[in-house]
Amino acid sequence: MSLTELTAAELSAKLRSRDVSAPEIARVHLDRIAERDAEIGAFLSVEPELTLAQAENAQRMLDRGEGGRLTGVPVALKDNLSTVGTPTTCASLILEGYRPPFDATAVALLRAAGAVFVGKTNLDEFAMGTSTENSVFGSTRNPWDLTRSPGGSSGGSAAAVCDHMAPLALGSDTGGSIRQPAALCGIVGFKPTYGRVSRYGLVAFASSLDQIGPLGRNVEDAALLAHAISGHDPTDSTSLPDSQIDLSGLKGGALRGLRLAAPRELFGEACHPGVRECVLSAVDRLRAEGAEVAEISLPSIDYGVTTYYIIAPAEASSNLARFDGLRYGPRLEGEGHVGTVAATRGRLFGHEVKARIMIGTYALSAGYYDAYYVRAQQVRARMTAEFEHAFGEFDVIVSPTSPVVAFPLGELSHDPLALKMLDLCTIPANMGGFPAISLPCGLSEGLPVGLQIVGPIRGDERVLQIAYAVERALAG
Ligand code: GLN
């Protein structure tokens, strides 16, 4: 069996028992990338020498008896996470050639822990999208069916983990970008509570919604990575105190007596019948194991997509103002300062990014601010309150992660509205800052379906513990 078959936890055990070395593990994963990635297109950059140097360093740590569970374990990084000295493009022409002078905090924590970076992964430009088709470097393909999308925007990270090019990857999730590609690729993706993982060095899309999180092939692996990247960080003003995710209770949960709520708004019309059936049959299995499941209504979910597509572009329009051709990446000369900025932004941002900057600027402009932005914030507050109320009665909320399975590349790229509607199930967790995980729960039409579990603020440990128990029940 190849080492690429092993989970992060298994690789870690083998490193500790000296069955394999960190450079050996790095090499087989680099070989796998070299062999497979021309077809999949998960990576935007791979720098084998740097990877191998990191692996040797990890091995030295292990030889000295230092390091933790991720020392020597390969991790792929979404290309909107700043990595010192290596390209960070956000899949945009406007950042071509940019090499940040610093690491994102999550990246720095992994580097210090001796994790080994195998490359930077493809994404929708600036993480704006649901299919990884908005990357200027081309689409990533879903390893389950190369004619289909891996989902997005962390499609490269999901495809890399799914196709065994890395056991683990980091993604970012603003409206579902970790969970949805995880669902479409049949792996696990976890968005921690807002503030438990520092956003420092994550190229900002919508700062009140963005959160970095792990993708892995099982819950334990995702939890190991979540633990390693979480913790308070004074360089992120929204970082929570005492925020490191604790894994001590991960395997100690039971399904018996668990109170699960299934909101009917996420099982309705918008949901493909095959997906609905698959998730409902998984929920029935949990009921058979002793969980209580109640159907509830969270009416503001119906307004989630429209609300999100005001708030996220509004924040993006402000965040992306910094890309002016003067500070980062290439500059296209125009007439005077304004001409240069206009030429650079006009030609180097892609269509979806420009559309969002315009929508966001409009929603924030005088005269429209109250009608759009303020109302969207009111809906957001109401949605958050509805969820919080539900958490008073139930442990977690369960639903499909995506209303559809992986769709053919090109099918929705000319229908931006249909694509955005696919975010229905994942958006509420970002709106309220809640922790949420997607794990595989079966197949529909031969393609993976994700089950989403959402918990209350700071309920990350509980969500992971429940997901671990659910994973076991569904496997059994
Ligand atoms: N699909 C959503 C969007 O296009 C979410 C993206 C994300 O979470 N980064 O904005």
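The values are calculated or read from the model by the stated rules, or taken from the named source; none is laboratory data. Because the structure is a prediction, the values reported are computed rather than measured. With ideal geometry, Cβ positions are generated from the backbone for all residues, glycine too; neighbour counts draw on all protein chains shown. Heavy atoms of the whole protein, side chains included, go into the accessibility calculation; ligands, DNA and RNA do not. Shrake-Rupley method; radii C 1.70, N 1.55, O 1.52, S 1.80 Å.
Run down THR147, THR140 and say which single residue is more than 12 Å from the chain's Cα centre (by Cα) and either modelled with pLDDT under 95 or open to solvent by less than 10 Å² (accessible area, probe 1.4 Å) (or both). Every option except THR140 fails the conditions. Quick one: count up the residues across the range 320-350 that are in contact with an Asp or Glu (Cβ under 9 Å, 6 or more places away or on another chain) and under 30 Å from GLN377 (Cα atoms). Number satisfying all stated conditions: 3.
A count restricted to the range 448-470 and to residues that are more than 16 Å from the ligand (Cβ to nearest atom), in a strand (DSSP E or B) and either open to solvent by 10 Å² or more (accessible area, probe 1.4 Å) or among the β-branched types (Val, Ile, Thr) (or both) stands at 2. Is it true that some residue in the range 63-76 is at positive phi and either open to solvent by less than 30 Å² (accessible area, probe 1.4 Å) or basic (Lys, Arg) (or both)? Within the range 63-76, one or more residues are at positive phi and either open to solvent by less than 30 Å² (accessible area, probe 1.4 Å) or basic (Lys, Arg) (or both). Report yes if some residue within the range 193-206 is away from the ligand (no atom under 12 Å from the Cβ) and outside any loop (DSSP other than H, G, I, E, B); otherwise report no. Yes - at least one qualifying residue is present in the range 193-206.
In the set ALA390, ALA429, ALA436, only one residue is open to solvent by less than 10 Å² (accessible area, probe 1.4 Å), away from the ligand (no atom under 12 Å from the Cβ), of a type outside the set (S, T, N, Q) and farther than 18 Å from GLU277 by Cα; that residue is ALA390. Being open to solvent by 10 Å² or more (accessible area, probe 1.4 Å) and either of a type in the set (A, V, I, L, M) or not in a helix (DSSP H, G or I) (or both) is a description that applies to LEU419. Of the numbered conditions (1) surrounded by fewer than 20 Cβ atoms within 10 Å (Cβ to Cβ); (2) at pLDDT 95 or above, PRO330 fails exactly one; give the number of that condition. So PRO330 meets the others, but not (2). Filtering the range 230-285 to residues that are part of a helix (DSSP H, G or I) and within 29 Å of LEU170 (Cβ to Cβ) leaves LEU266, VAL275, CYS278, VAL279, ALA282. All of ASP284, ASP221, ASP233 fail the test of being open to solvent by less than 10 Å² (accessible area, probe 1.4 Å), acidic (Asp, Glu) and at pLDDT 95 or above, apart from ASP221.
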